[in-house]
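Read-outs throughout are calculated quantities, based only on the coordinates presented, and are distinct from any laboratory measurement. What you are looking at is a predicted structure, and each value in this text was computed from that prediction instead of being measured. So basically every Cβ, Gly included, is an ideal-geometry build from the backbone, and we count neighbours across all protein chains shown.
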Amino acid sequence: MKFVEDNMNLREYYNNIREIARTIEGEFAVVVSNKTDDGGCAGILTEVTKDAAARLIAEDKATLASPLQAQEYYAELRAKHVRQTAEEQQKRMALDVFSQGGLEALRKSLLKD
């Protein structure tokens, strides 16, 4: 049901949002965006609160992701987190190697000159 008309019934609008929210399990939900006239792109997965998901669904701006889509979304997030953590550790390790061994060698070479 789309509630973007000029003569919007607010009571019906908020009742619809509450009804949709009751059907969503958990405190958070993954939604898939729909293409909208205001520039929204279709197919973007996002995790939002249950209330935000219900509002987006009521306004036809998104649909609830299927369990498989949500599982893939969370797997992708975990993979990104693992990659980012590994990159940060690698940067720290490179700094540690330079700061411990390279700094001393640099100091000795500067003192000789």
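Overview of values
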item: All positions within the stretch 20-41 that are in contact (Cβ under 8 Å) with a residue 12 or more places away in the chain and touching a helix residue (DSSP H, G or I) at 6+ places or on another chain (Cβ under 9 Å); result: 20, 21, 24, 26, 27, 28, 29, 30, 31, 32, 33, 34
item: Selection count, the stretch 26-68, where residues are of a type in the set (Lys, Arg) and at positive phi; result: 0
item: Single condition residue 73 does not satisfy, out of (1) without any contact (Cβ under 8 Å) to a residue 40 or more places away in the chain; (2) surrounded by 10 or more Cβ atoms within 10 Å (Cβ to Cβ); result: (1)
item: Failed item in (1) loosely packed, with under 14 Cβ neighbours inside 10 Å; (2) more than 19 Å from the chain's Cα centre (by Cα), with residue 40 passing the rest; result: (2)
item: Lone unmet requirement of (1) surrounded by 15 or more Cβ atoms within 10 Å (Cβ to Cβ); (2) of a type in the set (Val, Ile, Thr); (3) in contact with a strand residue (DSSP E or B) (Cβ under 9 Å, 6 or more places away or on another chain) for residue 17; result: (3)
